[in-house]
Amino acid sequence: MISKTATQLLSQQIAENLVSLNARISQVIATRSPKSQHCQLVAVSKTKPVEDLLAAYEGGQRHFGENYVDEFVDKVPKLPSEIDWHFIGHIQSNKVKKLLSVAAITAERPKPLSLLIETVDSQKLAEKLNKEWDKVPGLPSDITLPVLVQVLSSDEDTKYGCDPSQVPELVSYILKECPRLQFRGLMAMGKIGDIEGFRSVYQLKQKVIEELKVDEASFILSMGTSADFEEAIVEGANEVRVGTVLFGARNYPQKGGAGEAAAK
């Protein structure tokens, strides 16, 4: 068991890492990024205990990203309702109902659940999310579920995402056929440090905005992880998913599961 002193030291380290990380983001925006005027940090907390998330929360962090459905559903009720949650792992169809059950579990809390699904990569998944969100008990009909379309920005068979050529069609499907979903932007998944991949997804963002008349001011472009978030901001990211730099290295208790790594 970790001693109280060791826990306090870890919490202090996380708080210091958060200050340093936010400073690095601000520096890149101020000096190197003509495409991004702001950038939201999503603290990727997969496999990390609730105590680590609370340490970051107490340091001012409000946006957290989880990759695994079971872990996500377990953590949400234990943490403050002010947190804005991002689900950034691959979603199997048979896990959608459980994933969205947190909206009912937290319905009586002071602040309604804030959840952004970042990994919609097919019409089938969009349809399933739309259908199950409509079934969440006690959820008002005017409350939509924000989603990002996940783009496979590099040629890697081991990662999930929609082929870039099919993205406009998927976005159009969400806008026209999924009334309970709210399209908010794109999430890039590709090789670490793939600058050309970042650039291609930024261009894809512009294409979606122009062809489908999507609001540019509220468009989220999620790119970059611990190893390349600064480069991603330079290339237009206004959201980065960072875990290791903030929380330290992870220990994975099991292989597989309901979510694939979308950040480090």
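The values are calculated or read from the model by the stated rules, or taken from the named source; none is laboratory data. Everything numeric in this text was worked out from a predicted model, so none of it was measured. As a convention, Cβ positions derive from the backbone with ideal geometry for all residues, glycine included, and neighbour counts pool all protein chains shown. Each accessible area value is taken on the protein alone, full model and side chains, heavy atoms only, with ligands, DNA and RNA left out. Shrake-Rupley method; radii C 1.70, N 1.55, O 1.52, S 1.80 Å.
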Is one or more of the residues making up segment 128-150 touching a Gly at 6+ places or on another chain (Cβ under 7 Å), part of a loop (DSSP other than H, G, I, E, B) and closer than 16 Å to residue 89 by Cβ?
no
Please work out which one of (1) open to solvent by less than 10 Å² (accessible area, probe 1.4 Å); (2) modelled with pLDDT of 95 or more; (3) over 26 Å from residue 22 (Cα atoms) is the condition residue 79 fails and give its number.
(3)
Restricted to segment 19-46 and to residues being in a loop (DSSP other than H, G, I, E, B) and small (Gly, Ala, Ser), the residue surrounded by the most Cβ atoms within 10 Å (Cβ to Cβ) is 45
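Condition check ((1) polar (S, T, N, Q); (2) open to solvent by less than 40 Å² (accessible area, probe 1.4 Å)) across all residues:
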| position | (1), (2) |
| --- | --- |
| 90 | no, yes |
| 96 | no, yes |
| 109 | no, no |
| 113 | no, no |
| 124 | no, no |
| 129 | no, yes |
| 138 | no, no |
| 141 | yes, no |
If you go through segment 60-80 one residue at a time, how many are part of a helix (DSSP H, G or I) and either within 16 Å of the chain's Cα centre (by Cα) or among the acidic types (Asp, Glu) (or both)?
8
Which condition number in (1) open to solvent by 20 Å² or more (accessible area, probe 1.4 Å); (2) farther than 19 Å from residue 39 by Cα; (3) among the hydrophobic types (A, V, I, L, M, F, W, C); (4) in contact (Cβ under 8 Å) with a residue 40 or more places away in the chain is the one that residue 178 fails?
(1)
Are any residues in segment 47-60 in contact (Cβ under 8 Å) with a residue 24 or more places away in the chain and either more than 14 Å from residue 22 (Cβ to Cβ) or surrounded by fewer than 22 Cβ atoms within 10 Å (Cβ to Cβ) (or both), and if so, which ones?
47, 48, 50, 51, 52, 53, 54, 55, 57, 58, 59, 60
Meets criteria (more than 24 Å from residue 215 (Cβ to Cβ), under 20 Å from the mean Cα position of the chain (by Cα) and outside any strand (DSSP E or B)) for residue 103
yes
Look at residue 91 and say whether it is in contact (Cβ under 8 Å) with a residue 60 or more places away in the chain, touching a helix residue (DSSP H, G or I) at 6+ places or on another chain (Cβ under 8 Å) and closer than 14 Å to residue 145 by Cβ.
yes
